[in-house]
Amino acid sequence: MIRTEPMEEVEQPASPRLVPRRFEDFYRAEWDSVYRPLLATIGDPHLAKDATAEAMARAYQRWSKVRTYRNPSGWVYRVGLNWARSRFRRQRREVLGEPHVAPAAADNLPDNDLDAALRSLPLDQRSVIVLRYYMDWSQEEIANALRVPVGTVKSRLHRGLRKLEQEVTR
């Protein structure tokens, strides 16, 4: 279920993001910054593009409220990620008895071993690692976008990085 109310208050980042007044300006400026982490998290370019489009459509419907959020791009990312999760669940139900096919490799990830290791992580760990190290978001921004406590972000980062290290050094 996707929540549409404002995100919980967290510590204000050092440099707050400027949010365009018009949705069209936000869309042009932020499409790529939502699509790229979704692509790296999901691993499937078609699903990431669909998730970004769906999330942007939902942001457009609620723009007067979304534009007041501290991190509207984070909200759009979370909506896209939740939408993609729902698609994964639906696909698993539609294909009874068959294992879920692993998504295609993400574009722009430099190392195939790292890409494979990243895809082996649970989605929750993968999303925080992508947002932290690929998008350079702070732990507070990630917590705000994913609607989890900062401590949860830290533990997901720690566990995910430990598992990545094990996978890559095999």
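Where a number appears in this text, it was derived from the coordinates with a stated rule and is not lab data. Keep in mind that what you see is a predicted model, and the values were worked out from it rather than measured. FYI the Cβ positions are ideal-geometry reconstructions off the backbone, even for glycines, and counts take in every protein chain you see.
Using the Kirkwood radius over Cα pairs, work out the Stokes-Einstein diffusion coefficient for region 23-168 at 37 °C and 0.692 mPa s, in µm²/s as a whole number. Roughly 209 µm²/s, to the nearest whole number.
Scaling against 2.2 N^0.38 Å puts the C-alpha radius of gyration of region 18-64 at 1.16. When each of the peptides 143-149, 44-50 is scored by how many other beta carbons lie within 10 Å of its residues on average, the order from highest to lowest is 143-149, 44-50. For residue 65, a cut-off of 30 angstrom between C-alpha atoms picks up these lysines, skipping any fewer than 8 places away in its own chain: 49, 154.
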